[in-house]
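Taken together, the values in this text are just the output of simple stated rules run on the coordinates, not laboratory data. Source: prediction; values computed, not measured. For neighbour counting, all protein chains shown are included, and Cβ atoms are generated from backbone atoms with ideal geometry for every residue, glycine included.
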Amino acid sequence: MNPTTALNSTPISSMVLVMSASLIGSFGAVFLKLGAERMKHGFRHILNLKLVAGIALFLGSSVPFVMGIRHGELSVLYPMVSLSYVFAMVWSKVFFKEHISAGKIAAVALILAGVVCIGVGGS
Amino acid sequence: MVTVHSAIKPRGGSGAGEGFAAAVETESGVVTNFHCSEVDWYPDELTTKAAPADSRKPVYMVLGCTVFAGLAQIMMKYGAEHPLPPIVLLEPASLWVFTLALLGNFPLIAGYALSACNALLLILALRDGELSVLYPIYSVSYVWVILLSMYFFNDHLNIWKSAGVLLIMGGVTLLGKVSSKP
């Protein structure tokens with residue numbers, strides 16, 4: 001299927017659903033990281049609200065994902081899933097003051113290109 | 001005369017202080033660096049060089065995670081092939097039927113168990129590593145799903161999928177290199 005047809009046969013609602021799933025998922029990762037850092041004080045800290053929130057966000061992100069992926073082309077929707085890697089990189093800069101080097105950006109660009117290819121190959 | 005430079009720094013606090021490292025300067029001006037093999041004490045430069053080996057560990061942990069994530073997806077697909085009975089409101093018996101069918105759906109249960117292992121390993125990795133490095137590495141789970149689907153569901157590998165696999169591996173290799181820099 002050519003790109004224009006794929007784009008046209010994918011409803012906007014599906015795109016919005018999948019993109020919000022990746023946004024929710026990226027926040028899930030942020031909360032998991034916040035919760036995981038509390039475990040530096042010992043393994044028993046594994047039960048904390050931030051980890052629960054992180055897991056809940058991860059599970060919650062699968063709902064709009066499944067709803068969104070039901071209609072439309074995977075070649076269009078898969079790349080939107082992998083936007084969560086871009087979101088997560090922004091949050092790691094904002095919330096955890098991590099250094100975002102050129103290498104990291106190049107790596108995520110390669111991964112995005114890879115996920116696009118897999119989406120095209122899967123539809 | 002032999003001068004011993006005391007460029008020694010304690011590492012860890014276990015107090016097994018038999019080992020040591022030092023730079024020895026002999027009369028002729030030759031400097032020899034040596035350190036004891038069972039060391040708990042390292043000179044400054046050795047401690048900083050030891051860091052990269054540690055920073056790789058979370059990367060390998062996330063790679064392990066992706067195996068669990070890939071297997072979990074395969075199991076859940078198997079589980080989805082046995083449709084669950086519907087829950088009918090105002091009919092409590094249907095809830096029991098649903099629960100029994102859910103518990104009897106071994107692949108689905110296995111899928112959730114694998115996801116739990118995956119989450120635990122991811123949390124442990126995130127404790128020590130950078131989110132910006134570890135989270136994109138999670139994309140290797142796509143690779144596992146493709147490879148496992150070829151084995152379990154006889155899915156075929158086409159040129160796009162192979163290109164995708166190679167690109168993801170390239171990106172993740174790059175992230176691994178980035179993470180090993182102090």
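The angle separating the long axis of helix A:83-96 from the principal Cα axis of greatest extent in chain A is about 30 degrees. Taking packing as the residue-averaged number of other Cβ atoms within 10 angstrom, the listed peptides B:134-141, B:100-107, B:173-180 run from highest to lowest as B:134-141, B:173-180, B:100-107. Taking other residues whose beta carbon is less than 15 angstrom from the beta carbon of B:Asn154, and scoring Lys, Arg as +1 and Asp, Glu as -1, yields 0.
Relative to the longest principal axis of the Cα atoms of chain A, helix A:49-69 runs at roughly 10 degrees. Mean partner shielding of peptide B:165-178, defined as the number of other chain Cβ atoms within 10 Å of each residue Cβ, is 6.
Backbone phi angles across the stretch B:131-136, fed through the Karplus curve with coefficients 6.51, -1.76 and 1.60 (θ = phi - 60°), yield HN-Hα couplings of 4, 5, 8, 6, 5, x Hz in residue order; Gly and Pro are listed as x.
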